[in-house]
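One structure is given here, and the rest of the page talks about it.
The values are calculated or read from the model by the stated rules, or taken from the named source; none is laboratory data. This structure is a prediction, so every number in the text was calculated from the model and none was measured. Ideal geometry is used to build each Cβ from the backbone, glycine not excepted, and the neighbour counts take in all protein chains shown. When the accessible area is computed, the model is the full protein with side chains, heavy atoms only, and any ligands, DNA or RNA have been set aside. Shrake-Rupley method; radii C 1.70, N 1.55, O 1.52, S 1.80 Å.
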Amino acid sequence: MIARSLFTRRNSSGPSLYTLSFWLLSVSNFLFSASFSMMIPELPAYLEKMGGQEYVGLIIALFTLTAGVSRPFSGKITDTVGRVPVMAFGSIVCFVCGLLYPYLLTVWGFLTLRLIHGFSTGTKPTATSAYVADVVPANRRGEAMGMLGLFTAMGMSLGPAIGSWLATDFSMNVMFWTSSAFALMSIGILLRMPETLVNTQPFRFKLLRLKKDEIFDKSAIPPFLVLLLQSFSSGVILTVISTFSASLGVTNKGLFFTVYTVASLVIRLVFSRTSDRYGRIPVLFISTIVLAFSMVLLILTDSTFLFWTAAVFYGMSWGMNSPTVTAWTADLSDEKTRGRAMATMYIALEAGIGLGALGAGWVLNHFAGEAGIDASFAVSGVLALVAVGYLGWLWRKGPQVMHHHVDGTDELALLDEEP
């Protein structure tokens, strides 16, 4: 397969993951993640100026609702039409929405566009994860997902800071149009990517009719449960951190995102192959403990020092979580339904973020000041500890995980074995 050879060209030290196609996909991911994330810090205040303060929790919740609903469809299209068209569709949605935000100036118009915007992250990450899993060896998936995630994390890191700078020094409209331009560049890069799905089909609307077994992939249940519990904290962070930043005197609302993402980048660089060597479950067990600890630090925060320290630990946890849970899902999936498995995993991400955002929004409307913010962090920490308990139970069951080969055969592999 052409795409596989582009990703795994051999040299004297073994197969190389870092080829031109890998970097193209990575840069596309950077531009895509920066496109939608640069808006996040400024949207709560933007909605409040429209008179929609009571709907702040819906900014993230509506976005993740359509992202989650679209996952089963994107999974099926990824497994039939191809990985590249689905990736391109996600970037196109970001491009169009960025152009439309300046012209929808009512609360309900804004919320409707947030609902539509969610289709972007409901499609592109599903196809991207399936694409990478197609073309890298199973014993290097953690490394590959980690390195690809570096670029996604850089986009998530720089995007909010860029967005806040553009909104403050220029205008919200300039920020929206810049977001659209980033998405357009992401689309252009994807046009150079070779398709990895062998037996592609032309798109037909009947492909959007889902059977019961096409909505959810049972093989992905363990990562689904873990990610659902972990990602509640992300919804809380996205909803309350702007208000929390302002209460501490931090004027750039995007800096928390920058700090935690830089920490995530460092972890990915240093520990990119950790889960390939020692297993997915042990790494997730440790990273989820770190996630719970970061929530405790945020509850205790009364200074900028603790605020930035919490951001670092939060970033460290997701620097380990994201590539590991994605590689774990790929390990458990069948190649023929890999898109569906990835979609199932991302449904958990969107559901967790959406529930966290809704919960935090409700708490902020019913409990004034720090009490509401601390309660949101506390619930996030408790759910992370539930995930720790579940991972500990899986760990005690044994380190064996099913891998599916490209020829359709199966093998039992020990993930704590040296690759």
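A few notes on this one:
- Average silhouette area of the chain, convex hull of alpha-carbon atoms, in square nanometres: 19.1
- Put MET50, MET345 in order of accessible area, highest first, and with a 1.4 Å probe you get MET50, MET345.
- Overall dimensions of region 132-224 as given by Cα atoms, namely Rg and Dmax in Å: 18.8, 50
- P(r) of region 206-251 over all Cα-Cα pairs, binned every 10 Å from zero, in whole percent: 21, 26, 24, 17, 11, 1
- Tilt relative to the chain, helix 124-135 - C-alpha long axis, 0 to 90 degrees, to 10: 30
- Heavy-atom surface analysis with a 1.4 Å probe gives region 100-169 a carbon and sulfur content of 77 percent of its accessible area.
- For region 317-384, the solvent-accessible area with a 1.4 angstrom probe is 32 square angstrom per residue.
- Considering only PRO202, GLY57, ALA220, and ranking their Cα positions along the charge dipole of the chain that arises from unit charges at the beta-carbon of Lys, Arg, Asp and Glu, the one farthest toward the positive end is PRO202.
- A simple charge model with +1 on the Cβ of Lys and Arg, -1 on the Cβ of Asp and Glu and nothing else charged puts the dipole of region 135-252 at about 520 debye relative to its Cα centre.
- At most 11 other Cβ within 10 Å, DSSP loop - trypsin sites (Lys or Arg not before Pro), region 190-292: ARG204, ARG209, LYS211
- Solvent-accessible surface (1.4 angstrom probe) belonging to ASP302, in square angstrom, nearest 10: 120
- Euclidean distance between Cα centres, region 236-299 to region 143-193, Å: 19
- Region 221-289 shape via C-alpha gyration tensor axes, a/c threshold 1.5: oblate
- Of LYS124/LYS397; LYS76/LYS397; LYS218/LYS397; LYS206/LYS336, those spanning more than 29 Å from alpha-carbon to alpha-carbon: LYS124/LYS397; LYS76/LYS397
- Cα-centre dipole for the chain with unit charges at Cβ (Lys and Arg positive, Asp and Glu negative), debye to 20: 880
- If you sort THR126, THR304, THR337 by accessible surface, 1.4 Å probe, largest first, the order is THR304, THR337, THR126.
- The alpha-carbon positions of region 271-362 define a convex hull whose volume is 99 Å³ per residue.
- Residues in region 29-43 carry Karplus couplings, in order, of 5, 4, 5, 5, 5, 5, 4, 7, 7, 5, 7, 3, x, 8, 5 Hz; the curve used is 6.51 cos²θ - 1.76 cosθ + 1.60 with θ = phi - 60°, and Gly or Pro positions show x.
- Dipole-positive endmost among ALA130, PRO323, THR301 within the chain (Cβ charges, Cα centre): ALA130
- Ordered by 1.4 Å accessible area with all protein chains kept, PHE30, PHE377 run largest first as PHE30, PHE377.
- Accessible surface calculations at 1.4 Å, restricted to protein heavy atoms, place region 79-227 at 42 Å² per residue.
- Per residue, the average separation of C-alpha pairs within less than 8 Å and at least 6 apart gives region 256-398 a relative contact order of 34 percent.
- Rounded to whole Hz, the Karplus (6.51, -1.76, 1.60) HN-Hα couplings of region 224-231, x for glycine and proline: 4, 5, 5, 5, 4, 5, 5, 7
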